[in-house]
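Trainee: Input: one structure, supplied below.
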Amino acid sequence: MKISFIIPTYNGLRLLQRCLSSLVSQVDNEDEIIIIDDGSTDGTYDYLINTYSKNNNVVVLHQSNGGQGKARNLGIETHRKGYIWFIDSDDTIVDGAVKKIKCELSKKDYDLLFFDYYIIKENNVKIPMDLNINVEDKKSLYLSHHYPVNKIIHSGLLEDVRFPETKIKYEDHATIPKIISMASNVGYLKEYLYVYDFSHSNNSSKNAKTENDIYRICDILIDFFHEKNMIRNADLLIVKPLLFGKILTIPKLELSLREKYKEYFIVKQYLDKNIPRWRISILFNKIYDKTALKSVENYRVKDLVAKSFAFSPFFTTCVLLVAVKALRGKNKS
């Protein structure tokens, strides 16, 4: 039961040391930890060579700075057969996590195994995150968060799947749905086994300048599902990030009022072109309120905004901009 732990890292030596400290003692002889230094300039590569060159479980790779996707792909191409667990170098895994995962994998020949996780926000409070997924329902899996870090993936699912190699935000959303679409045996281990640390400035998820990358990611998914004759599955994967995500971030962007209006109508135009039936998406179906959509944070608010946007993009645009302006004024006072 081999697990390859693939860890890209870039200029975060202190956090990487913390990550490895949580992991190294948990691996068995047949496991491997593949660390890809993505062109760090803080001494990361020298540290790894000096510390782990005699550890048979650890493989240290180096590449010119090309981004997390390219680093993960190098790890995929290097790993031995078995399962893969992608780990971010600024996160940690819970004590005993590897043992619990291997115990679960021994029960059934899973292609893909999900598990719950913790998230640490800026106030340094650890918040448990329950997936609340139905592994028998692909729609439920498509609507869940597409972090690779809370999933164990059989390497067979990655034979023809790679992460985008350009530096791009939301690369996970371009990759994990492809894996889900090919998985036959999916499991869910209801245990908190991973700690996703969002409390520090190194976390790339905070980069607002890359918000429009979501359109590039949606293009990738549309092309994939068209090729597989599964375009109906793209509905959820395109509509959710735009209606439950993009339209809510626009008021927060440092843009003029005219530019913000333009951003809203770009969302509408994209949906009209690629998902013509988006206004009757299953996202608006009350049957899913208590099942697949349980995993959507603040679902009731997002659902209300999305339905309003479907009815009248202009009205919703005005309301959101006024609401954010009022909130900012209240915070200043």
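Trainee: Might you let me know whether segment 57-70 holds any residue that is touching a Phe, Trp or Tyr at 6+ places or on another chain (Cβ under 8 Å) and more than 25 Å from LYS2 (Cα to Cα)? Break it down into steps so the answer makes sense when it comes.
Mentor: Taking segment 57-70 first, the residues touching a Phe, Trp or Tyr at 6+ places or on another chain (Cβ under 8 Å) are 58, 60, 62, 65, 68-70.
Remaining after also requiring more than 25 Å from LYS2 (Cα to Cα): 65.
Taking every residue of segment 57-70 in turn, at least one turns out to be touching a Phe, Trp or Tyr at 6+ places or on another chain (Cβ under 8 Å) and more than 25 Å from LYS2 (Cα to Cα).
Trainee: Is there a residue being basic (Lys, Arg), surrounded by fewer than 14 Cβ atoms within 10 Å (Cβ to Cβ), part of a helix (DSSP H, G or I) and in the same structural domain as ASN150 (by TED's automatic domain parsing) anywhere in segment 79-97?
Mentor: Within segment 79-97, not a single residue is basic (Lys, Arg), surrounded by fewer than 14 Cβ atoms within 10 Å (Cβ to Cβ), part of a helix (DSSP H, G or I) and in the same structural domain as ASN150 (by TED's automatic domain parsing).
Trainee: Out of SER140, SER144, SER89, which single residue is small (Gly, Ala, Ser) and in contact with a Pro (Cβ under 8 Å, 6 or more places away or on another chain)?
Mentor: Numbers: SER140 fails: in contact with a Pro (Cβ under 8 Å, 6 or more places away or on another chain); SER144 fails: in contact with a Pro (Cβ under 8 Å, 6 or more places away or on another chain).
Checking each option against the conditions leaves just SER89.
Trainee: To continue, here is another question. Return the residues of segment 163-180 that are in contact (Cβ under 8 Å) with a residue 60 or more places away in the chain, assigned to a helix (DSSP H, G or I) and not hydrophobic (A, V, I, L, M, F, W, C); say none if nothing qualifies.
Mentor: Those that are in contact (Cβ under 8 Å) with a residue 60 or more places away in the chain, assigned to a helix (DSSP H, G or I) and not hydrophobic (A, V, I, L, M, F, W, C): GLU171, HIS173, PRO177.
Listed here are the residues, each with its yes/no results for (1) out of contact with any Cys (no Cβ under 9 Å at 6 or more places or on another chain); (2) farther than 16 Å from ASP197 by Cα; (3) crowded, with 20+ Cβ neighbours inside 10 Å; (4) not assigned by TED's automatic domain parsing to the domain that holds ARG18.
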{"residue": "LYS99", "(1), (2), (3), (4)": "yes, yes, no, no"}
{"residue": "LYS102", "(1), (2), (3), (4)": "yes, yes, no, no"}
{"residue": "ILE119", "(1), (2), (3), (4)": "yes, no, no, no"}
{"residue": "ASN123", "(1), (2), (3), (4)": "yes, no, no, no"}
{"residue": "LYS126", "(1), (2), (3), (4)": "yes, no, no, no"}
{"residue": "LEU131", "(1), (2), (3), (4)": "yes, yes, yes, no"}
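Residues are listed down the side, and each one gets a yes or a no for (1) surrounded by 14 or more Cβ atoms within 10 Å (Cβ to Cβ); (2) at pLDDT below 95; (3) not assigned by TED's automatic domain parsing to the domain that holds MET230:
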residue	(1), (2), (3)
SER181	yes, yes, yes
ASN185	no, no, yes
LEU189	yes, no, yes
TYR192	yes, no, yes
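Trainee: Being more than 22 Å from PHE309 (Cα to Cα), in contact (Cβ under 8 Å) with a residue 24 or more places away in the chain and among the aliphatic types (A, V, I, L, M): is that true of ILE214 here? Reasoning before the result, please.
Mentor: Values: more than 22 Å from PHE309 (Cα to Cα): no; in contact (Cβ under 8 Å) with a residue 24 or more places away in the chain: yes; among the aliphatic types (A, V, I, L, M): yes.
It is false that ILE214 is more than 22 Å from PHE309 (Cα to Cα), in contact (Cβ under 8 Å) with a residue 24 or more places away in the chain and among the aliphatic types (A, V, I, L, M).
Trainee: Of all the residues that make up segment 98-145, how many are among the β-branched types (Val, Ile, Thr) and within 25 Å of SER25 (Cβ to Cβ)?
Mentor: Looking only at segment 98-145, we keep the residues that are among the β-branched types (Val, Ile, Thr), and these are 98, 101, 119-120, 125, 127, 133, 135.
Still in the running and within 25 Å of SER25 (Cβ to Cβ): 98, 101, 119-120.
So the count comes out to 4.
Trainee: Same structure again: Looking at segment 105-117 only, could you name the residues that are over 17 Å from LEU141 (Cβ atoms) and charged (D, E, K, R)? Don't jump to the end; show me each part of the working.
Mentor: Going through segment 105-117, the residues over 17 Å from LEU141 (Cβ atoms) turn out to be 105-107, 109.
Passing the criteria: LYS107, ASP109.
Trainee: Can you pull out the residues in segment 44-70 that are surrounded by fewer than 15 Cβ atoms within 10 Å (Cβ to Cβ), out of contact with any strand residue (DSSP E or B) (no Cβ under 7 Å at 6 or more places or on another chain) and under 27 Å from LYS169 (Cβ atoms)?
Mentor: SER64
Trainee: Would a scan of segment 181-195 turn up a residue that is out of contact with any strand residue (DSSP E or B) (no Cβ under 7 Å at 6 or more places or on another chain) and in a helix (DSSP H, G or I)? It would help to see each step written out before you state the result.
Mentor: First, the residues of segment 181-195 that are out of contact with any strand residue (DSSP E or B) (no Cβ under 7 Å at 6 or more places or on another chain): 181-182, 184-185.
Add one more test, that the residue is in a helix (DSSP H, G or I), and what stays is 181-182.
Yes, the conditions are met somewhere in segment 181-195.
Trainee: What pairs come out if I take residues in segment 222-238 that are under 18 Å from ILE282 (Cα atoms) and pair them with residues that are charged (D, E, K, R) and not in a helix (DSSP H, G or I) whose C-beta lies under 8 Å away, six or more apart or interchain?
Mentor: ASP235/ARG277
Trainee: Follow-up question, since we're still on this one. Name the single residue, out of those in segment 157-176 being farther than 20 Å from TYR215 by Cα and modelled with pLDDT of 95 or more, that is surrounded by the most Cβ atoms within 10 Å (Cβ to Cβ). Let's see the steps before the verdict.
Mentor: From segment 157-176, those farther than 20 Å from TYR215 by Cα are 157-160; that's our starting set.
Among the residues that remain, those that are also modelled with pLDDT of 95 or more are: 157-158.
Values: LEU157: 18, LEU158: 20.
Looking at residues that are farther than 20 Å from TYR215 by Cα and modelled with pLDDT of 95 or more, I get LEU158.
Trainee: Can you spot a residue in segment 38-60 that is in a loop (DSSP other than H, G, I, E, B), more than 27 Å from ASP109 (Cα to Cα) and either in contact (Cβ under 8 Å) with a residue 40 or more places away in the chain or of a type in the set (A, V, I, L, M) (or both)?
Mentor: No, because not a single residue in segment 38-60 is in a loop (DSSP other than H, G, I, E, B), more than 27 Å from ASP109 (Cα to Cα) and either in contact (Cβ under 8 Å) with a residue 40 or more places away in the chain or of a type in the set (A, V, I, L, M) (or both).
Trainee: Something else now. Tally time: how many residues in segment 22-34 are touching a residue at least 40 places away in the same chain (Cβ under 8 Å) and of a type outside the set (D, E, K, R)?
Mentor: 5
Trainee: Test ILE119 against the stated conditions and say whether it is touching a Phe, Trp or Tyr at 6+ places or on another chain (Cβ under 6 Å), over 25 Å from SER181 (Cβ atoms) and either of a type outside the set (S, T, N, Q) or modelled with pLDDT of 95 or more (or both). If you could, list the steps in order and put the result at the bottom.
Mentor: Working: touching a Phe, Trp or Tyr at 6+ places or on another chain (Cβ under 6 Å): yes; over 25 Å from SER181 (Cβ atoms): yes; either of a type outside the set (S, T, N, Q) or modelled with pLDDT of 95 or more (or both): yes.
Against the criterion (touching a Phe, Trp or Tyr at 6+ places or on another chain (Cβ under 6 Å), over 25 Å from SER181 (Cβ atoms) and either of a type outside the set (S, T, N, Q) or modelled with pLDDT of 95 or more (or both)), ILE119 qualifies.
The values are calculated or read from the model by the stated rules, or taken from the named source; none is laboratory data. It should be emphasised that the depicted structure is a prediction, and the values quoted were computed from it without experimental measurement. Here the Cβ is made from the backbone with ideal geometry for all residues, glycine too, and neighbour counts use every protein chain on show.
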